[in-house]
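Trainee: Let me begin by handing over the structure; questions about it come next.
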Amino acid sequence: MADQKPLASSSPEKATEAGITTTIPQGQDGHHADNDVVLVEAKQAADTEHEMTLLRAIKLYPKAIGWSVLLSSTLIMEGYDLALLGSLYASPVFNKKFGEFNPEKGKYLVSAAWQSGLSNGARAGEIFGLIFAGWAADRIGYKNTAIASLVLMIAFIFVLFFAPNIKVLVVGEILCGIPWGAFQSVTPAYASEVAPMVLRPYLTTFINMCWVIGQFFAAAVNKGSVGRTDQWAYRIPFGVQWVWPIPILAGLIFAPESPWWYVRHGRKEEAKQSLLRLTSRNQPGFNMDETLAMIEHTNELEKQLKEGVTFRDCFRGIDLRRTEIVVGIWLVQTLGGQNLMGYFSYFLTQAGMDASNSFSLSMGQYALGMVGTAGSWFLMSRVGRRRIHFSGLCAQFCLLVIVGCLSFSGNKSSVWAIGGVLIAFTFVYDFAVGPVTYCLISELSSTRLKAKTIVLARAAYNASNIFVNVMTNYQLSTGAWNWGARTAFFWAGSCLLSAIWVFFRLPEPKGRTYAELDILFERKVAARKFAKTKVDPFDLQSHGEKKLSLDETQSHEGKEIKA
């Protein structure tokens, strides 16, 4: 759009459009008329999104759904590997290759220190990957960042596959963590920007489904190879990771970039072409220019509310609260006890269950997790995100307490009971807290700072996971604290604290456009009042001194008028 320059015109003009208030600089009638048109189109697009049904959105945005699903599937690899490690600790061949003989137990074990090194190596690598993605996504886009990360992923898997000792294995985990970290940042941002409001919860929560799919495959591959007595008992599981990146890379080369990314970089025509590639042709009731106007309006609204797009800006003004909430949501994921799910097989073998049965139970656990995630799609269309998240944490707290209580019974039946409760825990997590987290972090961060806010939040998540992994390894390891199922009591306490934070700090974004969320945060509406507060981002009078015209106005001689 053309820049406005102050001209010494004789008199200000007035314009009336659909109840919109704006400012017309003197002598800028043409530019103002263009702005009014864009504002009206933006409002019409926002109204269309509010009225759009799920079926209508699926018919209109099938390509967007496909591209988002393809990009989100990159996280299958991370879910696979992180669950794989916890399962491999139950493999006798893996322990003999990478562990040391424990005279007390009479068998080979990977020490708690090295288990922490392996788990935390991946987390440390992910932090570097997140920083890289935060820088790269703003400059080269989500698509190209994902493509570069997939190439790195293919190369780094060689290190895991041919690792001769545990030290090299740790290095391989660190290196693989770099592209995983990038995927963590790119996938929710892309999923939330390529589709309309009604599809956002489905596409963003599909990311959690990809995690669970990866975990399911890890348990299945381990069950298939646990009976082997040679090196392929652990090399096959590592080698399977090459299955994912190659076909995903081949598809992503042809994927469109987010139209929001193009608008933020002033590339309107390319944004329009991106929308063409994300939507179906000749759909009645859909106006591409209106959708593009809404993206432009939201972008300009956020520019007027705050100018910067750096990491530092995430901690300034209204974005400080948004950053705190998004970071807090992801910290809750580490502190709610779900870390026990990743150590499911190891946990049960230490409790007395044989490795083959533990892998079978793991497959059942993750299959139920997929069912839970699919169920969350039905739930989120009817219930608010805040209520789902808070209720899920309360249910997790109760289940953790039950697991801890069962630890006082030392018979075989209690081991199977603990396994059953942990399966129920997985279902609750993947029905509530797990999937809705990805929806919340995508919706509650501002569009201009989305990539950087997600980077900060996920980096905090990974840093906290280092603490969580160290604690869990020492809590469960027979060579360390050996708490067994009593570990659940510790995480029940942290889960309770997380639920309290969610009750007071987490707002409800369901049914809101990004512009509406911007205004709610600007007005400092309390978290528990978000759902009931009415806002109109196109009613400029409601924003006090801020005039939300789409072009920067350097003249202060215009007059505010309204229709």
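Trainee: K534 to F489: FRET efficiency via 1/(1 + (r/R0)^6), r the Cβ-Cβ distance, R0 51 Å, to the nearest 0.05?
Mentor: Working: r = 44 Å, r/R0 = 0.87.
The value I calculate is 0.70.
Trainee: Right, next: Starting from the Cα of N282, step 7 Å along the direction of its Cβ; do the same at N411; then give the gap between the two resulting points in nm.
Mentor: 7.1 nm
Trainee: Applying 1/(1 + (r/R0)^6) with R0 = 41 Å to the Cβ-Cβ distance of S360 and F504, what FRET efficiency is obtained, to the nearest 0.05?
Mentor: On the way: r = 42 Å, r/R0 = 1.02.
Taking R0 as 41 Å, the efficiency between S360 and F504 is 0.50.
Trainee: Show me, bin by bin at 5 Å from 0, the whole-percent P(r) of the stretch 175-230 based on Cα pairs.
Mentor: So the P(r) values, bin by bin, are 4, 16, 17, 18, 15, 12, 8, 5, 3, 1, 0.
Trainee: Right, next: Just the number, please: carbon plus sulfur as a percent of the accessible area of the chain, 1.4 Å probe, no ligands or DNA/RNA counted.
Mentor: Working: 13110 of 21240 Å².
The computed percentage sits at 62.
Trainee: Given a cut-off of under 8 Å on Cα pairs at least six residues apart, what relative contact order in percent is computed for the stretch 207-309?
Mentor: Relative contact order, the stretch 207-309: 15 percent.
Trainee: Next question, about the same structure. Give me the 1.4 Å probe accessible area per residue for the chain, excluding ligands and nucleic acids, in Å².
Mentor: 38 Å²
Trainee: Return P(r) of the chain (all Cα-Cα pairs; 20 Å bins starting at 0; whole %; ordered from short to long distances).
Mentor: Values per bin, smallest distances first: 21, 50, 22, 6, 0.
Trainee: Round to the nearest 0.05 the FRET efficiency obtained for F254 and R139 when R0 = 30 Å and r is the Cβ-Cβ distance.
Mentor: With a Förster radius of 30 Å, E is 0.90.
Trainee: Relative contact order of the chain: what whole-number percent is it, with Cα pairs under 8 angstrom and at least 6 residues apart? Write out the running numbers ahead of the final one.
Mentor: Values: 963 pairs, mean separation 146.1, N = 563.
That works out to 26 percent.
Trainee: Further question on the same structure: Amide H neighbours of Y108 under 5 Å, counting only residues 5+ apart in sequence or on other chains, H built in-plane at 1.01 Å?
Mentor: The answer is N102.
Trainee: Now a separate question. Can you give the relative contact order of the stretch 350-454 as a percent, counting alpha carbon pairs under 8 Å and 6+ residues apart?
Mentor: Here the relative contact order equals 41 percent.
Trainee: Shifting gears a bit: When a/c is below 1.5 the answer is rounded, else prolate if a/b is larger than b/c, else oblate, so apply that to the stretch 421-512 with a ≥ b ≥ c taken from the square roots of the Cα gyration tensor eigenvalues.
Mentor: Prolate is the answer for the stretch 421-512, as a/c is 1.5 or above and a/b outweighs b/c.
Trainee: Ok, one more. Length gain on complete extension for the stretch K59 to D230, per 0.36 nm per residue less the alpha carbon to alpha carbon distance? Display every interim value, and only then the final one.
Mentor: Numbers: separation 171, 0.36 × 171 = 61.56 nm, distance 5.11 nm.
So the chain would gain 56.5 nm between K59 and D230.
Trainee: Can you pull out the chymotrypsin sites (Phe, Trp or Tyr not before Pro) in the stretch 142-218 that DSSP calls coil and that have at most 13 other Cβ atoms within 10 Å?
Mentor: F162
Trainee: By the scheme Lys and Arg +1, Asp and Glu -1, what is the net charge of all other residues having a beta-carbon under 12 Å from that of G121?
Mentor: Working: positive: R123, K167; negative: D81, E126, E173.
That sum, taken over residues with Cβ under 12 Å, equals -1.
Trainee: So who's got an amide H within less than 5 Å of the one on A531, skipping anything under 5 residues away but keeping other chains? H placed 1.01 Å off N, in plane.
Mentor: Amide H neighbours of A531: E508.
Trainee: Same structure, new question: In whole Hz, what ³J(HN,Hα) sequence does the stretch 434-445 give by Karplus (6.51, -1.76, 1.60; θ = phi - 60°), x for Gly and Pro?
Mentor: Going residue by residue, I get x, x, 5, 4, 5, 5, 5, 5, 6, 8, 8, 8 Hz, with x marking Gly and Pro.
Trainee: Quick one: which residues, 5+ away or cross-chain, put their amide H under 5 Å from the amide H of S73? H built at 1.01 Å from N.
Mentor: Counting only residues 5 or more places away or on other chains, the set is empty.
Trainee: If you stretched the chain out fully between S111 and A527, how much longer would it get, using 0.36 nm times the residue separation minus the C-alpha to C-alpha distance? Walk me through the numbers before you get to the answer.
Mentor: Working: separation 416, 0.36 × 416 = 149.76 nm, distance 4.44 nm.
Here the segment from S111 to A527 would lengthen by 145.3 nm.
Trainee: Accessible area of E51, 1.4 Å probe, to the nearest 10 Å²?
Mentor: Roll a 1.4 Å probe over it and E51 shows about 150 Å².
Trainee: Starting from the Cα of F311, move 7 Å in the Cα-to-Cβ direction to define the label point; list residues of the stretch 141-155 whose amide nitrogen is under 20 Å from there.
Mentor: 141-142, 145-146, 149
Trainee: Tell me what the chain gives for mean residue ellipticity at 222 nm when only DSSP H runs of n ≥ 4 count, each as -39,500 (n - 2.57), the sum divided by the residue total, rounded to 500 deg cm²/dmol. If you can, show how the numbers build up before the last one.
Mentor: On the way: 23 runs with 381 residues, N = 563.
Helix contribution divided over all residues of the chain: -22500 deg cm²/dmol.
Trainee: Can you list the HN-Hα couplings for the stretch 59-75, worked out from phi with the Karplus curve (6.51, -1.76, 1.60; θ = phi - 60°), rounded to whole Hz and with x for Gly and Pro?
Mentor: Rounded to whole hertz, the list is 5, 7, 10, x, 5, 4, 4, x, 5, 5, 4, 4, 5, 5, 5, 4, 7.
Trainee: How far, in degrees from 0 to 90, does helix 29-51 lean away from the longest principal axis of the Cα atoms of the chain, to the nearest 10?
Mentor: Taking the Cα atoms of the chain, the angle to 29-51 is about 40 degrees.
Trainee: Once phi is turned into ³J(HN,Hα) by the Karplus curve 6.51 cos²θ - 1.76 cosθ + 1.60 with θ = phi - 60°, what whole-Hz value does each residue of the stretch 105-121 show in order, with x for glycine and proline?
Mentor: 8, x, 7, 7, 9, 7, 4, 4, 5, 6, 4, 5, x, 5, 5, 6, x
Trainee: How much solvent-accessible surface does S414 expose, in Å² to the nearest 10, with a 1.4 Å probe and all protein chains in place?
Mentor: For S414, the solvent-accessible surface is approximately 10 Å².
Trainee: Quote the accessible area belonging to H265 in square angstrom, nearest 10, computed with a 1.4 Å probe and with ligands, DNA and RNA left uncounted.
Mentor: 80 Å²
The values are calculated or read from the model by the stated rules, or taken from the named source; none is laboratory data. Note that this is a predicted model, so its numbers are computed, not measured. Neighbour counts run over all protein chains shown; Cβ positions are idealised from the backbone, glycine included. Protein only, heavy atoms only, side chains kept; ligands, DNA and RNA dropped before computing areas. Shrake-Rupley method; radii C 1.70, N 1.55, O 1.52, S 1.80 Å.
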